[in-house]
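To start, the structure itself, in structure tokens.
The values are calculated or read from the model by the stated rules, or taken from the named source; none is laboratory data. This one's a predicted model, so the numbers in the text were calculated from it and none came from an experiment. Virtual Cβ from ideal backbone geometry, glycine too; neighbours counted across all protein chains shown.
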């Protein structure tokens with residue numbers, strides 16, 4: 001069984017990724033199991049850059065292969081914003097509500113639809129090589145909050161070909177279509193063939 005650390009402090013994400021690798025010869029180990037979640041400053045200028053930064057930092061602590069990711073929302077009319085700043089769009093300690101409010105405020109001057117996509121970059125690092133994978137989920141931003149599931153921009157994000165926001169669909173359904181699920185599925189396929 002090959003051990004790979006998943007470099008995230010998000011318990012929901014950890015559960016998703018562990019589930020994804022069930023039935024393979026890869027065992028995902030969380031930072032919680034290792035007893036230390038390092039503070040990592042995400043100061044790269046791309047999703048992939050931030051994911052690599054996390055993976056490399058955690059590898060240097062534990063000397064075990066690491067998977068890490070970075071993701072966010074990219075809005076066409078805002079020139080790709082909030083992008084890598086999605087989690088802190090309305091400020092350093094912004095809540096999800098603060099970020100949503102700022103986004104809707106900034107989109108008021110533009111005509112609908114407000115085309116957007118969630119993007120995820122997932123990387124693997126073994127101390128020598130990086131392996132990267134990308135996933136995206138296209139849709140649009142709507143100006144009403146709908147649904148109780150999910151987090152972040154989910155209540156105002158309507159995926160393409162859906163009449164339900166990400167916060168209105170079940171967690172199982174979201175995990176099938178999400179940008180993160182797509183990126184990790186691609187990464188998993190690449191990792192299964194590594195000795």
Exercise. If you take just the strands (runs of 3 or more DSSP E) that sit entirely in the range 1-107, which of them hold at least 2 residues that are within 15 Å of residue 153 (Cα to Cα), under 13 Å from the mean Cα position of the chain (by Cα) and modelled with pLDDT of 90 or more?
Worked result: 66-75
Exercise. Which condition number does residue 93 fail, the rest of (1) surrounded by 14 or more Cβ atoms within 10 Å (Cβ to Cβ); (2) over 18 Å from residue 16 (Cβ atoms) being met?
Worked result: (1)
